[in-house]
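Student: Would you mind keeping the following structure in view while I ask a few things?
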Amino acid sequence: MTTTPLLEAREVTKRFGAVEALRGASFQIFPGEVVALMGDNGAGKSTLIKTICGVNSPDGGEVRFEGRSIAGWHPKAVQALGIETVYQDLALAPDLDTPANLFLGRERLKPGILGALGVLAKKSMRAEASQVLKDLSVKIKDETAPISNLSGGQQQSVAVARAVSWADKLVIMDEPTAALGVPQTQAVLALIDRVRDSGRSVVLISHSLPDVMQVADRIEVLRLGRRVAQLVTRETNEEQIVGAMTGAWTQEVAA
Ligand SMILES: Nc1ncnc2c1ncn2[C@@H]1O[C@H](COP(=O)(O)OP(=O)(O)O)[C@@H](O)[C@H]1O
Ligand SMILES: [Mg+2]
(Lines give C-alpha, C1' and ligand atoms only; values in the text may rest on other atoms or scores of the structure.)
(Ligands and ions follow the chains in the order given, each with its own letter.)
Protein backbone atom coordinates (compact mmCIF):
# COMPACT_ATOMS: atom_id res chain seq x y z
CA MET A 1 0.00 0.00 0.00
CA THR A 2 1.30 3.49 -0.83
CA THR A 3 1.88 5.83 2.06
CA THR A 4 0.02 8.85 0.69
CA PRO A 5 -3.74 8.35 0.70
CA LEU A 6 -5.61 9.38 -2.43
CA LEU A 7 -8.06 11.17 -0.17
CA GLU A 8 -7.89 11.86 3.51
CA ALA A 9 -10.16 13.70 5.93
CA ARG A 10 -8.65 14.50 9.31
CA GLU A 11 -10.57 15.56 12.41
CA VAL A 12 -13.29 17.29 10.40
CA THR A 13 -15.92 19.21 12.36
CA LYS A 14 -19.23 20.45 10.99
CA ARG A 15 -22.12 21.96 12.87
CA PHE A 16 -25.65 22.78 11.67
CA GLY A 17 -27.00 25.15 14.32
CA ALA A 18 -27.26 23.08 17.48
CA VAL A 19 -26.46 19.79 15.67
CA GLU A 20 -22.83 18.69 15.69
CA ALA A 21 -22.93 16.47 12.61
CA LEU A 22 -19.16 15.84 12.51
CA ARG A 23 -17.10 15.82 15.71
CA GLY A 24 -13.59 15.29 14.46
CA ALA A 25 -14.35 12.78 11.71
CA SER A 26 -11.48 11.15 9.85
CA PHE A 27 -11.45 9.03 6.71
CA GLN A 28 -8.85 7.57 4.35
CA ILE A 29 -8.82 5.92 0.96
CA PHE A 30 -5.81 4.80 -1.08
CA PRO A 31 -5.49 4.52 -4.89
CA GLY A 32 -7.33 1.52 -6.34
CA GLU A 33 -9.27 0.80 -3.15
CA VAL A 34 -12.97 0.30 -2.58
CA VAL A 35 -13.76 1.57 0.91
CA ALA A 36 -17.19 1.28 2.49
CA LEU A 37 -18.21 4.13 4.78
CA MET A 38 -20.70 2.70 7.24
CA GLY A 39 -22.63 4.02 10.21
CA ASP A 40 -26.11 4.30 11.65
CA ASN A 41 -28.60 6.89 10.36
CA GLY A 42 -27.41 10.34 11.39
CA ALA A 43 -23.81 9.20 11.99
CA GLY A 44 -22.60 11.92 9.61
CA LYS A 45 -21.77 9.89 6.48
CA SER A 46 -23.53 12.17 3.98
CA THR A 47 -22.24 15.28 5.75
CA LEU A 48 -18.68 13.94 5.59
CA ILE A 49 -18.79 13.23 1.88
CA LYS A 50 -20.50 16.56 1.15
CA THR A 51 -17.69 18.22 3.07
CA ILE A 52 -15.14 16.33 0.98
CA CYS A 53 -16.90 17.34 -2.27
CA GLY A 54 -17.19 21.00 -1.38
CA VAL A 55 -20.98 21.05 -0.98
CA ASN A 56 -20.44 21.86 2.73
CA SER A 57 -17.46 23.76 4.01
CA PRO A 58 -15.92 22.27 7.14
CA ASP A 59 -15.83 24.26 10.38
CA GLY A 60 -12.51 22.66 11.24
CA GLY A 61 -10.12 19.90 10.28
CA GLU A 62 -8.42 18.97 7.05
CA VAL A 63 -9.35 17.41 3.72
CA ARG A 64 -6.46 16.35 1.50
CA PHE A 65 -6.49 14.91 -2.02
CA GLU A 66 -3.17 13.52 -3.27
CA GLY A 67 -1.57 15.38 -0.40
CA ARG A 68 -3.06 18.75 -1.29
CA SER A 69 -5.49 20.58 0.99
CA ILE A 70 -8.89 20.94 -0.69
CA ALA A 71 -11.06 21.88 2.30
CA GLY A 72 -13.54 24.59 1.40
CA TRP A 73 -12.96 24.26 -2.37
CA HIS A 74 -15.90 24.86 -4.71
CA PRO A 75 -17.63 21.62 -5.83
CA LYS A 76 -16.65 22.31 -9.46
CA ALA A 77 -12.99 22.60 -8.47
CA VAL A 78 -13.21 19.31 -6.56
CA GLN A 79 -14.82 17.65 -9.62
CA ALA A 80 -11.99 18.94 -11.79
CA LEU A 81 -9.59 16.86 -9.66
CA GLY A 82 -11.31 13.72 -11.00
CA ILE A 83 -13.77 13.15 -8.16
CA GLU A 84 -17.41 12.37 -8.97
CA THR A 85 -20.19 11.88 -6.46
CA VAL A 86 -23.56 10.14 -6.55
CA TYR A 87 -25.53 12.03 -3.91
CA GLN A 88 -28.25 10.38 -1.89
CA ASP A 89 -30.86 12.59 -3.60
CA LEU A 90 -29.22 11.76 -6.99
CA ALA A 91 -29.23 15.41 -8.20
CA LEU A 92 -30.76 14.59 -11.58
CA ALA A 93 -32.75 17.04 -13.72
CA PRO A 94 -36.24 15.44 -13.70
CA ASP A 95 -37.53 17.00 -16.95
CA LEU A 96 -34.48 16.11 -19.02
CA ASP A 97 -33.85 12.80 -20.77
CA THR A 98 -31.09 10.31 -19.99
CA PRO A 99 -28.39 11.74 -22.34
CA ALA A 100 -29.03 15.28 -21.05
CA ASN A 101 -28.64 14.03 -17.49
CA LEU A 102 -25.41 12.21 -18.31
CA PHE A 103 -24.03 15.45 -19.75
CA LEU A 104 -25.59 17.74 -17.13
CA GLY A 105 -23.29 20.71 -16.55
CA ARG A 106 -20.96 19.47 -19.31
CA GLU A 107 -23.19 19.99 -22.32
CA ARG A 108 -21.42 19.81 -25.65
CA LEU A 109 -22.02 22.55 -28.23
CA LYS A 110 -22.29 22.14 -32.00
CA PRO A 111 -19.16 23.11 -33.87
CA GLY A 112 -18.91 26.51 -35.58
CA ILE A 113 -21.41 29.35 -35.49
CA LEU A 114 -24.27 27.25 -34.10
CA GLY A 115 -22.16 26.27 -31.13
CA ALA A 116 -21.14 29.88 -30.68
CA LEU A 117 -24.86 30.66 -30.50
CA GLY A 118 -25.23 28.02 -27.79
CA VAL A 119 -26.83 25.26 -29.87
CA LEU A 120 -26.23 21.87 -28.23
CA ALA A 121 -24.73 18.92 -30.09
CA LYS A 122 -27.66 16.71 -29.07
CA LYS A 123 -27.06 13.96 -31.61
CA SER A 124 -23.45 13.43 -30.60
CA MET A 125 -24.33 13.54 -26.89
CA ARG A 126 -27.12 11.00 -27.47
CA ALA A 127 -24.83 8.65 -29.35
CA GLU A 128 -22.11 8.92 -26.72
CA ALA A 129 -24.60 8.47 -23.89
CA SER A 130 -25.87 5.25 -25.48
CA GLN A 131 -22.31 4.00 -25.84
CA VAL A 132 -21.45 4.89 -22.23
CA LEU A 133 -24.54 3.06 -20.94
CA LYS A 134 -23.71 0.08 -23.12
CA ASP A 135 -20.08 0.01 -21.94
CA LEU A 136 -21.25 0.13 -18.34
CA SER A 137 -23.91 -2.53 -18.99
CA VAL A 138 -26.60 -0.13 -17.79
CA LYS A 139 -29.92 -0.77 -19.48
CA ILE A 140 -32.36 2.16 -19.66
CA LYS A 141 -35.84 1.40 -20.95
CA ASP A 142 -36.30 4.64 -22.90
CA GLU A 143 -33.34 6.99 -23.12
CA THR A 144 -35.49 9.72 -24.71
CA ALA A 145 -38.02 9.87 -21.86
CA PRO A 146 -37.81 12.56 -19.17
CA ILE A 147 -35.86 10.93 -16.38
CA SER A 148 -38.71 11.47 -13.92
CA ASN A 149 -40.71 8.93 -15.99
CA LEU A 150 -38.16 6.20 -15.21
CA SER A 151 -38.31 4.01 -12.12
CA GLY A 152 -36.27 4.91 -9.02
CA GLY A 153 -33.88 2.09 -9.87
CA GLN A 154 -33.36 3.32 -13.43
CA GLN A 155 -32.75 6.87 -12.19
CA GLN A 156 -30.21 5.57 -9.71
CA SER A 157 -28.47 3.67 -12.51
CA VAL A 158 -28.21 6.86 -14.59
CA ALA A 159 -26.75 8.76 -11.63
CA VAL A 160 -24.18 5.99 -11.05
CA ALA A 161 -23.32 5.81 -14.78
CA ARG A 162 -22.82 9.58 -14.89
CA ALA A 163 -20.39 9.50 -11.97
CA VAL A 164 -18.47 6.46 -13.20
CA SER A 165 -18.12 7.81 -16.73
CA TRP A 166 -16.71 11.21 -15.68
CA ALA A 167 -14.56 10.28 -12.68
CA ASP A 168 -10.85 10.04 -13.45
CA LYS A 169 -9.72 9.10 -9.95
CA LEU A 170 -12.45 8.65 -7.38
CA VAL A 171 -16.15 7.82 -7.36
CA ILE A 172 -18.11 8.51 -4.19
CA MET A 173 -21.53 6.84 -3.95
CA ASP A 174 -24.00 7.68 -1.21
CA GLU A 175 -26.37 4.70 -0.85
CA PRO A 176 -26.34 3.90 -4.60
CA THR A 177 -28.29 0.66 -4.26
CA ALA A 178 -30.97 1.90 -1.85
CA ALA A 179 -33.74 1.88 -4.49
CA LEU A 180 -32.51 -1.16 -6.40
CA GLY A 181 -33.66 -4.75 -6.66
CA VAL A 182 -31.24 -7.67 -6.51
CA PRO A 183 -30.19 -7.80 -10.20
CA GLN A 184 -29.71 -4.03 -10.41
CA THR A 185 -27.73 -4.04 -7.16
CA GLN A 186 -25.46 -6.75 -8.55
CA ALA A 187 -24.99 -4.60 -11.67
CA VAL A 188 -23.85 -1.65 -9.54
CA LEU A 189 -21.50 -3.88 -7.52
CA ALA A 190 -20.05 -5.24 -10.78
CA LEU A 191 -19.58 -1.65 -11.94
CA ILE A 192 -17.72 -0.85 -8.71
CA ASP A 193 -15.41 -3.82 -9.36
CA ARG A 194 -14.73 -2.51 -12.84
CA VAL A 195 -13.92 0.97 -11.51
CA ARG A 196 -11.35 -0.62 -9.19
CA ASP A 197 -9.99 -2.74 -12.07
CA SER A 198 -9.40 0.50 -13.97
CA GLY A 199 -7.17 1.69 -11.12
CA ARG A 200 -9.66 4.17 -9.69
CA SER A 201 -11.02 4.26 -6.15
CA VAL A 202 -14.56 4.06 -4.81
CA VAL A 203 -16.09 5.27 -1.57
CA LEU A 204 -19.30 3.33 -1.04
CA ILE A 205 -21.79 4.44 1.58
CA SER A 206 -24.13 1.56 2.21
CA HIS A 207 -26.27 -0.02 4.89
CA SER A 208 -26.14 -3.42 3.24
CA LEU A 209 -23.63 -5.70 4.98
CA PRO A 210 -23.76 -8.34 2.20
CA ASP A 211 -23.04 -5.66 -0.45
CA VAL A 212 -20.19 -4.25 1.59
CA MET A 213 -18.69 -7.68 2.35
CA GLN A 214 -18.88 -8.52 -1.36
CA VAL A 215 -17.28 -5.42 -2.83
CA ALA A 216 -15.26 -3.44 -0.26
CA ASP A 217 -11.54 -3.92 0.46
CA ARG A 218 -11.85 -1.98 3.69
CA ILE A 219 -14.57 -0.57 5.91
CA GLU A 220 -14.48 2.65 7.89
CA VAL A 221 -17.21 3.15 10.48
CA LEU A 222 -18.60 6.50 11.63
CA ARG A 223 -20.51 6.84 14.86
CA LEU A 224 -21.88 10.11 16.23
CA GLY A 225 -19.71 12.14 13.87
CA ARG A 226 -16.42 10.35 14.53
CA ARG A 227 -14.55 7.44 12.99
CA VAL A 228 -14.72 4.52 15.38
CA ALA A 229 -13.25 1.70 13.31
CA GLN A 230 -11.01 0.97 10.31
CA LEU A 231 -11.43 -2.63 9.23
CA VAL A 232 -10.06 -4.87 6.49
CA THR A 233 -13.03 -6.72 5.02
CA ARG A 234 -11.44 -10.15 4.88
CA GLU A 235 -10.26 -9.84 8.50
CA THR A 236 -13.59 -8.80 10.00
CA ASN A 237 -17.16 -10.06 10.20
CA GLU A 238 -20.68 -8.72 10.29
CA GLU A 239 -20.91 -8.91 14.07
CA GLN A 240 -17.85 -6.71 14.52
CA ILE A 241 -19.07 -4.16 11.96
CA VAL A 242 -22.51 -3.92 13.56
CA GLY A 243 -20.80 -3.68 16.96
CA ALA A 244 -18.75 -0.72 15.76
CA MET A 245 -21.85 0.95 14.30
CA THR A 246 -23.83 0.61 17.53
CA GLY A 247 -20.98 1.21 19.96
CA ALA A 248 -21.15 -2.32 21.40
CA TRP A 249 -17.62 -2.99 20.15
CA THR A 250 -14.77 -0.51 20.09
CA GLN A 251 -11.52 -0.73 18.23
CA GLU A 252 -8.48 0.10 20.33
CA VAL A 253 -6.68 2.26 17.79
CA ALA A 254 -9.62 4.07 16.17
CA ALA A 255 -8.79 7.69 15.45
N1 LIG B 1 -28.31 20.65 6.12
C2 LIG B 1 -28.51 20.22 7.37
N3 LIG B 1 -29.10 21.02 8.28
C4 LIG B 1 -29.29 20.60 9.56
N5 LIG B 1 -28.91 19.41 10.03
C6 LIG B 1 -28.32 18.56 9.16
C7 LIG B 1 -28.09 18.94 7.81
N8 LIG B 1 -27.47 17.89 7.19
C9 LIG B 1 -27.33 16.93 8.12
N10 LIG B 1 -27.84 17.33 9.31
C11 LIG B 1 -27.81 16.55 10.55
O12 LIG B 1 -26.51 16.08 10.74
C13 LIG B 1 -26.52 14.75 11.27
C14 LIG B 1 -25.78 13.82 10.33
O15 LIG B 1 -26.55 13.66 9.17
P16 LIG B 1 -26.07 12.86 7.89
O17 LIG B 1 -24.70 13.28 7.55
O18 LIG B 1 -27.11 13.02 6.86
O19 LIG B 1 -26.03 11.37 8.45
P20 LIG B 1 -26.00 9.98 7.66
O21 LIG B 1 -25.76 10.26 6.22
O22 LIG B 1 -24.90 9.20 8.32
O23 LIG B 1 -27.33 9.33 7.91
C24 LIG B 1 -27.98 14.39 11.47
O25 LIG B 1 -28.32 14.69 12.80
C26 LIG B 1 -28.69 15.31 10.51
O27 LIG B 1 -30.00 15.57 10.93
MG1 LIG C 1 -26.86 9.86 4.49
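The values are calculated or read from the model by the stated rules, or taken from the named source; none is laboratory data. Since this is a predicted model, take the numbers as computed values, not measurements. So basically every Cβ, Gly included, is an ideal-geometry build from the backbone, and we count neighbours across all protein chains shown. In case anyone asks, the SASA skips ligands and DNA or RNA and just uses the protein heavy atoms, side chains included. Shrake-Rupley method; radii C 1.70, N 1.55, O 1.52, S 1.80 Å.
Student: If we only count strands (runs of 3 or more DSSP E) wholly inside segment 150-255, which ones have 1 or more residues that are open to solvent by 10 Å² or more (accessible area, probe 1.4 Å)? Don't jump to the end; show me each part of the working.
Tutor: Working: elements: 170-174, 201-205, 218-223, 226-232.
Qualifying strands (runs of 3 or more DSSP E): 218-223, 226-232.
Student: Oh, and also: What strands (runs of 3 or more DSSP E) lie completely within segment 1-41 and have 1 or more residues being open to solvent by 20 Å² or more (accessible area, probe 1.4 Å) and closer than 20 Å to VAL215 by Cβ? Steps first, answer last, please.
Tutor: On the way: elements: 7-16, 19-29, 34-38.
Here the list reads 19-29.
Student: Those residues that are near ligand 1 (Cβ under 8 Å from one of its atoms), in contact (Cβ under 8 Å) with a residue 12 or more places away in the chain and not hydrophobic (A, V, I, L, M, F, W, C), I need them from segment 21-41; list them, please.
Tutor: GLY39, ASP40
Student: Right, next: Which residues, taken from segment 109-123, are open to solvent by 80 Å² or more (accessible area, probe 1.4 Å) and outside any helix (DSSP H, G or I)?
Tutor: Of everything in segment 109-123, those that are open to solvent by 80 Å² or more (accessible area, probe 1.4 Å) and outside any helix (DSSP H, G or I) turn out to be LEU109, LYS110, PRO111, LEU117.
Student: Which pairs turn up if I take residues in segment 44-69 that are not assigned by TED's automatic domain parsing to the domain that holds ALA18 and look for partners that are among the small types (Gly, Ala, Ser) and within 16 Å of ligand 2 (Cβ to nearest atom) with beta carbon separation below 8 Å, at least 6 apart in sequence or on another chain?
Tutor: The qualifying pairs do not exist here.
Student: Evaluate segment 44-53: report whether one residue or more is away from ligand 2 (no atom under 16 Å from the Cβ), open to solvent by 50 Å² or more (accessible area, probe 1.4 Å) and under 19 Å from the mean Cα position of the chain (by Cα).
Tutor: Pass one, segment 44-53, residues away from ligand 2 (no atom under 16 Å from the Cβ): none.
Scanning segment 44-53, I find no residue that is away from ligand 2 (no atom under 16 Å from the Cβ), open to solvent by 50 Å² or more (accessible area, probe 1.4 Å) and under 19 Å from the mean Cα position of the chain (by Cα), so the answer is no.
Student: Cβ-Cβ below 8 Å, separation at least six or inter-chain, first residue in segment 196-208 and away from ligand 2 (no atom under 16 Å from the Cβ), second outside any helix (DSSP H, G or I) and among the small types (Gly, Ala, Ser): which pairs?
Tutor: Pairs found: ARG196/GLY32; GLY199/GLY32; ARG200/GLY32; ARG200/ALA167; SER201/GLY32.
Student: Any idea how many residues of segment 12-25 are under 16 Å from CYS53 (Cα atoms) and touching an Asp or Glu at 6+ places or on another chain (Cβ under 7 Å)?
Tutor: 2
Student: Which of the numbered conditions does LEU90 fail, given that it passes all the others? Conditions: (1) within 16 Å of ligand 1 (Cβ to nearest atom); (2) out of contact with any helix residue (DSSP H, G or I) (no Cβ under 7 Å at 6 or more places or on another chain); (3) modelled with pLDDT under 95; (4) of a type in the set (A, V, I, L, M).
Tutor: For LEU90, the exception is condition (2).
Student: Specify which of the listed residues (LEU136, LEU120) is among the aliphatic types (A, V, I, L, M) and closer than 28 Å to LEU209 by Cα.
Tutor: Values: LEU120 fails: closer than 28 Å to LEU209 by Cα.
Among LEU136, LEU120, only LEU136 is among the aliphatic types (A, V, I, L, M) and closer than 28 Å to LEU209 by Cα.
Student: May I pose another question? In segment 54-71, how many residues are in contact with a helix residue (DSSP H, G or I) (Cβ under 9 Å, 6 or more places away or on another chain), more than 13 Å from ligand 2 (Cβ to nearest atom) and open to solvent by less than 60 Å² (accessible area, probe 1.4 Å)?
Tutor: Looking only at that region, the number is 7.
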